[in-house]
1. Can you tell me which residue in segment 89-98 is nearest to Ile47 (Cα to Cα), limited to those that are of a type in the set (S, T, N, Q) and part of a loop (DSSP other than H, G, I, E, B)?
2. Taking Cys82 as the residue in question, decide whether it is in a strand (DSSP E or B) and either of a type in the set (Asp, Glu) or in contact with a strand residue (DSSP E or B) (Cβ under 9 Å, 6 or more places away or on another chain) (or both).
3. Which of (1) crowded, with 18+ Cβ neighbours inside 10 Å; (2) polar (S, T, N, Q); (3) assigned to a loop (DSSP other than H, G, I, E, B) is the odd one out, the single condition Asn241 does not satisfy?
4. For segment 305-319, give me each residue that is in contact (Cβ under 8 Å) with a residue 24 or more places away in the chain and surrounded by 21 or more Cβ atoms within 10 Å (Cβ to Cβ).
5. Can you name the condition, by its number, that Thr80 falls short on among (1) of a type outside the set (Phe, Trp, Tyr); (2) over 18 Å from Asp144 (Cβ atoms); (3) under 16 Å from the mean Cα position of the chain (by Cα)?
6. Within segment 201-214, can one find any residue that is closer than 25 Å to Asn269 by Cα, among the basic types (Lys, Arg), in a strand (DSSP E or B) and modelled with pLDDT of 95 or more?
7. For segment 284-300, how many residues meet the condition of being over 15 Å from Leu28 (Cβ atoms), of a type outside the set (Asp, Glu) and in a strand (DSSP E or B)?
Amino acid sequence: MKQTILVAIAAASLAAAQSPYLSGIQQLTHGGQNAEAYWSPDGKRLIFMTTRPPYECDQIFIMNADGTDQHLVSTGKGRTTCAYFLADNKHIVYSSTHLAGDACPTPPDRSKGYVWGVFEGYDIFLATDQGKIEKRLTDTPGYDAETTVNWKTGTLLYTSLASGDLDLWTMHADGTGKKQITRTIGYDGGAVFSRDGKKIVWRANYPKTPDDMAKYKSLLAENLTAPMKMELMVADADGRNARAITNFGCASFAPAFTPDGKKIVFSSNKHDCDSRHFELYMVNLDGTGLEQVTSFGGFASFPEFSPDGKTLVFCSDKDAKERYEFNIFTAKWGK
């Protein structure tokens, strides 16, 4: 009995060490590369991107919140990214390259270092939650992707190369009313609204030296960007009053407002800069009060709170069976 109690205490201590805020962790996917899972407005489903057989690059799937009924809702052609439910719980938006070709775009040349492809074939599409595309929302040359939606205002927030730089834009769900809201030269992306629609947070990389600027522009000319030096920015919903809330000199990304709008949960390798080791952190909107949320020892990212604020969904290589395997997890939130 004593040994059983000691084992239980050790397990509880390990769980607390791994995450003081998360309990009851559930793994929803098993195998492949699964990421960027976002809730439906009723909290009953998740939409996510995945690379799994027979698909050679990311496609959009929907599943129930317990991981059941995983099924394709994108075309199965090209490459997709960044899907999100609309407030009516019946429509989705996502980005896809399928109009530029059925095949997956050629992966980035890693001889240039660790770079992301900002593929020019990406456009944003409005579809039903059954996968029927109803409208193409962007048609300008170059990258249009990374879309999120504020359910209160109905506004879409996304990254576009329409200005010649990777800036944040907003638009209505029918594709009208496009507005550029950031203008600093550099990468702006991965943006999300606070629940009340009054603020936004995103990841940014603004070159500070002539050499950095030359490298950024050279990569962008090849539809590439380097993601390993990203800081988090917070601003009003129209892009005004922008300010940095991190200054780690590392890679911080995938921010999400807490349900009360007072803090940001995000992913960063600040504890092991320049590595692929990312944990979840939490910080106040003014950059103070930094706390580490997870200590899994690998990769943890893409957090988002359920509509009722009680559950966090995230992506991790925790308990992965193979290299480059990433799965989607949910956990109860609360310290």
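1. Per the stated criteria, the residue is Asn89.
2. Yes; evaluated as a whole, the condition is true for this residue.
3. Asn241 satisfies every listed condition except (1).
4. Leu312, Val313, Phe314, Cys315 - these are the residues of segment 305-319 that are in contact (Cβ under 8 Å) with a residue 24 or more places away in the chain and surrounded by 21 or more Cβ atoms within 10 Å (Cβ to Cβ).
5. With respect to (1) of a type outside the set (Phe, Trp, Tyr); (2) over 18 Å from Asp144 (Cβ atoms); (3) under 16 Å from the mean Cα position of the chain (by Cα), Thr80 is out only on (2).
6. Yes, segment 201-214 contains at least one residue that is closer than 25 Å to Asn269 by Cα, among the basic types (Lys, Arg), in a strand (DSSP E or B) and modelled with pLDDT of 95 or more.
7. Of the residues in that region, 3 qualify.
So that you can scan it fast, the table gives a plain yes or no per residue for (1) among the hydrophobic types (A, V, I, L, M, F, W, C); (2) modelled with pLDDT of 95 or more; (3) out of contact with any helix residue (DSSP H, G or I) (no Cβ under 6 Å at 6 or more places or on another chain):
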| residue | (1), (2), (3) |
| --- | --- |
| Ser13 | no, no, yes |
| Gln18 | no, no, yes |
| Gln27 | no, yes, yes |
| Pro41 | no, yes, yes |
| Lys44 | no, yes, yes |
| Ile47 | yes, yes, yes |
| Tyr55 | no, yes, yes |
| Asp58 | no, yes, yes |
| Phe61 | yes, yes, yes |
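The values are calculated or read from the model by the stated rules, or taken from the named source; none is laboratory data. This structure is a prediction, so every number in the text was calculated from the model and none was measured. Cβ atoms come from the backbone with ideal geometry, glycine included; neighbour counts cover every protein chain shown.
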